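Undergrad: The structure under discussion is supplied below as structure tokens; questions concerning it will follow.
The values are calculated or read from the model by the stated rules, or taken from the named source; none is laboratory data. Since we're looking at a predicted model, the values are computed, not measured. Using ideal geometry, Cβ is built from the backbone for each residue, glycine included, and neighbour counts are taken over all protein chains shown.
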Amino acid sequence: MTNEQHDRILVCGATGYVGGRLVPKLLDKGYRVRCLVRSPKKMQAFAWCDHERLEIIEGNLDDLEGVKSALRDVQAAYYLVHAMISAGGDYARRDRELANTFVEALKGSSCRRVMYLGGLGELGPNLSMHLRSRGEVADILRDSSAETTVFRAAMIIGSGSASFEILRYLVERLPIMITPKWVKMETQPIAIRDVLRYLVECLDNPETAGRTIDIGGRDVFTYQKLMQIMARSLGLTKRVILPVPVLTPRLSSAWISLVTPVNASIARPLAEGLRNRTVCRNDDAQKLMPGPLFGVEEAINAAIGKLKDGDIETRWSTAGEMPGDPEWSGGTVFDDVQTAEVDASAEQTFASVSRIGGQSGYWGADWLWWLRGLLDKCVGGPGLRRGRRHPDELSYGEAVDFWRVNGYERGRWLRLHAEMKLPGEAELEFRVEPTSEGKSQLVQTARFRPRGLLGLAYWYSVWPLHFFVFPRMVRGIKREAESAAVS
């Protein structure tokens, strides 16, 4: 079909891992793209957010009338929504609810085609809850008034994908691995670039409408083989892998959560899915949309190259709902305010602030932050290993270690909301103001609103450390900015 026939495309899930990479591909093909997103500010992270053919609508798939409005004058829609990150263990019910709302909104709309990216897995009673949920959503969408194309993919290999991050961290950190027996299960991974090609090309191919299409890369390997390929690509020695039958998905996910950036609520569904053989049942994808495919080693090397260059377009941790602003005016609120006069411009000072976390750390006392991250991991929080997408750049909605950017004004203001497990609400805020030519003032504020007696106990237990940690941070930012100004 031509671009005129599919002139306006709706993308649901545009700030997610796949959606954030799909939108610019559609714009490059000449389509007008409308994005329905919960947090429009998140879109500012993308270089294409001001594209002349892009329309951003704030809304939620819970709102039937809002979804109907988003579908107005739309010829095709991509449904790239999964509730696994935001809904925790109740994601399957949440996914069904959102899909049913979307299908109801399709009735009487101009939308004639829907594309959905689900999970690849052998059908049967032993299918994991995660893959079963993806299948349920696909069934709901197939029963809609639009012709639905369901793509089923196994592991997606790309910089920033959850599956790739799990694989990379396990291989990097563990030269000897005691693993569940599923490491001998076969899978057919696919590069994110090939996923995007299929998603875009299907629009121009009417034969893909109303079909379920398995997509995979050139290679079929066991997870054990994938780990050894990853080790070789990272320049590491061959890993010793010892499969045992006693490791359950619960234990596996707890271990994944401890070693990798992915927390247990996400790791468990992914770990359960690894029990199923995930190999394409046919070659319909290549027959309908022929083209070169990446091999596993090529895809891994390309992803590692992106990581080394700091060129990660989207990341799994950016998806999910943004927390609302706490009402700091209500109840007991503790704060720690540090200020510094900096012999550097506001721009240079804010550039130093923007490097917080990840590989740059926290300007001293990093071992204390590491210990806090380890404790957070042990109780099911994200810990420090989520890192950050880019070493220098930040944007609204982005994850930074166990923080989330929920306030950002380039060159002036940064606010981080704590997503670590806490008995209360915590934020870390930085404000930079110019004071005179080539000079600026930095104000750093740590806030905590305790929840009950446990919250009060937590604040007073860590309060002595604040005399060491927070002044050190401000001095480190000042030192780094002034050094940049001199050089």
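Undergrad: Farther than 20 Å from Ser145 by Cβ, surrounded by fewer than 16 Cβ atoms within 10 Å (Cβ to Cβ), touching a residue at least 60 places away in the same chain (Cβ under 8 Å) and not aliphatic (A, V, I, L, M), is that true of Lys42? So that I can check it myself, show each step before the final result.
TA: Details: farther than 20 Å from Ser145 by Cβ: yes; surrounded by fewer than 16 Cβ atoms within 10 Å (Cβ to Cβ): no; touching a residue at least 60 places away in the same chain (Cβ under 8 Å): yes; not aliphatic (A, V, I, L, M): yes.
Against the criterion (farther than 20 Å from Ser145 by Cβ, surrounded by fewer than 16 Cβ atoms within 10 Å (Cβ to Cβ), touching a residue at least 60 places away in the same chain (Cβ under 8 Å) and not aliphatic (A, V, I, L, M)), Lys42 does not qualify.
Undergrad: How do the helices (runs of 4 or more DSSP H) wholly within segment 8-118 filter down when requiring 1 or more residues that are more than 29 Å from Tyr408 (Cα to Cα) and β-branched (Val, Ile, Thr): which remain? Before the answer, list the steps.
TA: Working: elements: 19-28, 64-70, 84-87, 91-106.
Ranges flagged: 91-106.
Undergrad: Tell me, which strands (runs of 3 or more DSSP E) wholly within segment 408-481 include 2 or more residues that are farther than 24 Å from Arg355 by Cβ, outside the structural domain of Arg386 (by TED's automatic domain parsing) and not β-branched (Val, Ile, Thr)?
TA: Numbers: elements: 413-418, 424-436, 439-450.
No strands (runs of 3 or more DSSP E) qualify here.
Undergrad: Oh, and also: I'd like to check something: does segment 406-428 contain any residue that is free of Cβ contacts under 8 Å to residues at least 40 places away in the same chain and loosely packed, with under 15 Cβ neighbours inside 10 Å?
TA: yes
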